[in-house]
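The values are calculated or read from the model by the stated rules, or taken from the named source; none is laboratory data. Please read these numbers as outputs of a predicted model, since none were measured by experiment. Every residue, glycine among them, receives a Cβ derived from its backbone with ideal geometry; neighbour counts consider all protein chains shown. The area values use the complete protein model at the heavy-atom level, side chains included, leaving out ligands, DNA and RNA. Shrake-Rupley method; radii C 1.70, N 1.55, O 1.52, S 1.80 Å.
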Amino acid sequence: MAPDTGPPDAALGLTALEEQVRRDLGFLSYPFKPWLPERTVGGPYDVVIVGAGQAGISIAAGLKRDKVDNILVIDRASYGQEGPWVTFARMLTLRSPKYLTGPDWGVPSLTVRAWYEAQHGRAAWDAMEKIPNRMWQDYLLWLRRVLALPVENDCRLDEIAPDSDGFRLTVSRTGGTAEIAARKVVLCTGIEGAGRWHVPDRIRDALPKDRYDHASAPDIDFARFKGRRLAVLGAGASAFDQAATALEAGAASVHLFTRRHDLHKVQPYKHLEKAGFLRGFAALPDLWRWRFMDHILTLREPAPKETVERTARHPGFRLVTGAPWENLTLKEDGIRIGTPKGTFTADHVICGTGFVIDLSLRPELQILHPHIATWADRFPPPAGEENGMLAAYPYLGPGFEFQEREEGVMPCLRNLHLFTFGATLSQGFSGGGMNGLKFALPRLIDGIVCGLYGAEVERHYRELLDYRVEEFSMDSIEVV
Ligand SMILES: Cc1cc2nc3c(=O)[nH]c(=O)nc-3n(C[C@H](O)[C@H](O)[C@H](O)COP(=O)(O)OP(=O)(O)OC[C@H]3O[C@@H](n4cnc5c(N)ncnc54)[C@H](O)[C@@H]3O)c2cc1C
């Protein structure tokens, strides 16, 4: 191994890396031939990808590798504000280990490690525990640039309607609404993209909006909590991140409440980071997919060690277990929170209560969601294994495509693909996370490409029959 000569010149390093990327992609660009017609002006895109986060960027990169170039990626966020990483993610680093891959499509020069080492050197990579959020965002923006992906920011999808070409997307852009035609659509609108971030009704009903926030709110002003008493509901990673951020901002106290009698400490995802599960889960029979996810999604993910330590080191931090909120009242001197462990008083509440899966809550799916099959429609769990939360998950096909609740009523759904956490029960770790990207992305691209090719099979067959390019001429052959 070459001795590490210390941090390289970052710009030089990146320029050299980008040259390497061009070479690698050139080496890997077979098959070269385009197979889809050029886009006609105003004509439909072959694929519109909604969301330019890690999933959207990776999907666009994967489609381009298969010469699906007539694509558009849209994102309602402005440039550089896509996803949670520099908006509402309040951990200091990613929660996942730095060695996860996926958006690189197996090209070493496209990996986050290559990008990092090109700028900071091998020793710095070895020394880095986990990737800071900002850095992960910068890596995704680099991928987007070096792969020249067609992304339009400040473009929000408001509605998807069936159309002769496939779909008519109504979007809001700077300067007004517009319509985009697409043959296929991929929804990678975030971890909560098959539902909505969840604020318990009890809190919504009892408190005015300026006395509570959800952990996914990008504009929480933590300086407000200096010297104040904060209550955080939930004990997942995001709940702890809010608590730590508030304590670092000078909050006098933070009580973090969980219904559980003990803090959940086992991370099932770590056990499952194996090729067998990550590639094989999606092909399991319904019963086994149900059983695995019933266990995993009921157990939930604990906060990472560093997050718990970051929070617990503050003297003002208190964990309140076995404390579901039974009543909530706003008094002169604060918010009264009644629990089996007694009554607590806080000045503000932050909900670390995650999201719910419910397609009817998606504005863009108001026309289509009544026709989308969920697990409740397709899988009757054995007695004793019922799980209402799981039953709401969409029942997706092998290419992450939605299925019709009633055959023949909304056939266009086969051209609408979901790549958010909502895909987890059908497809395993995939959308809404990093650890499954490496295995899930190829299945999605297979589904999209097979769909596009199959939809024009007559044309492809005709082109085959019309193909007349001769391999050699008879001119130089003496024929008797
Ligand atoms: C705080 C936090 C920390 C996390 N940390 C980790 C971690 O460390 N490791 C891990 O594996 N996973 C983590 N996750 C889970 C997951 O990896 C992230 O949620 C990740 O952002 C998912 O990537 P994505 O591309 O699917 O969604 P996002 O990155 O959320 O991107 C979705 C994009 O869609 C856009 N969008 C949404 N709706 C519309 C619309 N109607 N029109 C146009 N654009 C739209 C949004 O603006 C957003 O930019 C974390 C999640 C959160 C919330």
If you average 1/r over every pair of different alpha-carbon atoms in the chain and take one over that average, what Kirkwood value in Å do you get?
-> 24.7 Å
Once you have the Cα-Cα distance between GLU406 and GLN366, take 0.36 nm times their residue separation minus that, and quote the gain in nm to one decimal.
-> 12.7 nm
Nitroxide proxy distance, nm - points 7 Å out along Cα→Cβ at LEU330 and ARG134 | 3.6 nm
Within the stretch 173-196, what residues put their amide N at less than 14 Å from the label point 7 Å along the Cα-to-Cβ vector of ASP158?
-> 173-180
Nearest 0.05, what FRET efficiency do VAL480 and ARG22 give at R0 = 60 Å with Cβ-Cβ as r?
-> 0.70
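Determine by what factor the alpha-carbon radius of gyration of the stretch 295-398 differs from 2.2 N^0.38 Å, reporting the quotient.
The stretch 295-398 yields a ratio of 1.52.
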Return the subset of LYS130/LYS270; LYS209/LYS305; LYS64/LYS274; LYS67/LYS270; LYS270/LYS438 for which the Cα-Cα distance in this structure is over 25 Å, preserving the input order.
-> LYS209/LYS305; LYS64/LYS274; LYS67/LYS270
Can you work out the PRE-style zone for HIS460? Point 7 Å along Cα to Cβ, and I want the residues of the stretch 32-48 with backbone N under 15 Å.
-> 32-37
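Using only alpha carbon pairs under 8 Å that are at least six residues apart, calculate the relative contact order of the chain and give it in whole percent.
Once divided by the residue count of the chain, the mean separation gives 17 percent.
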Sulfur and carbon atoms: percent of accessible area, the chain [1.4 Å] = 55 percent
Can you tell me the alpha carbon radius of gyration of the stretch 84-176 divided by the globular rule-of-thumb value 2.2 N^0.38 Å?
-> 1.43
If you place +1 on the Cβ of every Lys and Arg and -1 on the Cβ of every Asp and Glu, how big does the dipole about the Cα centre of the stretch 1-157 come out, in debye to the nearest 20?
-> 300 debye
Would you kindly state how much longer the chain becomes between GLU470 and GLU386 on full extension, computed as 0.36 nm times their sequence separation minus their alpha carbon distance, in nm to one decimal?
-> 24.0 nm
Mind checking which of GLY176, LEU143, ILE131 is farthest towards the positive end of the stretch 129-207's charge dipole, using Cβ charges of +1 (Lys, Arg) and -1 (Asp, Glu) about the Cα centre?
-> ILE131
Which one of GLN54, GLN81, THR93 has its Cα pushed farthest toward the positive end of the charge dipole of the stretch 49-99, where Lys and Arg give +1 and Asp and Glu give -1 at the Cβ?
-> THR93
D_trans [Stokes-Einstein, Kirkwood Rh over alpha-carbon pairs] for the stretch 21-62, 10 °C, 1.306 mPa s, µm² s⁻¹ | 124 µm²/s
The local net charge around SER426, scoring Lys/Arg +1 and Asp/Glu -1 for residues other than SER426 whose Cβ lies under 12 Å from its Cβ, equals +1
More than 21 Å apart: what percent of Cα pairs in the stretch 339-480 qualify?
-> 62 percent
Expressed as a whole-number percentage, the relative contact order of the stretch 214-363 with C-alpha contacts under 8 angstrom and at least six residues apart is 34 percent
Rounded accessible area per residue of the chain, 1.4 Å, Å² = 49 Å²
Under the rule of -39500 (n - 2.57) per DSSP H run of 4 or more residues, summed and divided by the residues of the chain, what mean residue ellipticity at 222 nm is obtained, to the nearest 500 deg cm²/dmol?
-> -9000 deg cm²/dmol
Per residue convex hull volume, Cα atoms of the stretch 127-262, in Å³ = 215 Å³
Rounded to the nearest 0.05, what FRET efficiency do PHE32 and ASP377 give with R0 = 45 Å and r taken as the Cβ-Cβ distance? Could you check?
-> 0.55
Does a label point 7 Å from the Cα of ASP165, set along Cα-to-beta-carbon, have any residues of the stretch 37-73 with amide nitrogen under 13 Å, and which are they?
-> 37-49, 70-72
Positive-end extreme of charge dipole, the stretch 320-418 - chosen from GLY388, ALA376, ASN415 (charges on Cβ) = GLY388
Probe 1.4 Å, all protein chains in place: accessible area of THR101 in Å², nearest 10?
-> 50 Å²
Determine the dipole magnitude for the chain: charges of +1 sit on the beta-carbon of Lys and Arg, -1 on that of Asp and Glu, nothing else is charged, the reference point is the Cα centre, and the result goes in debye to the nearest 20.
-> 1900 debye
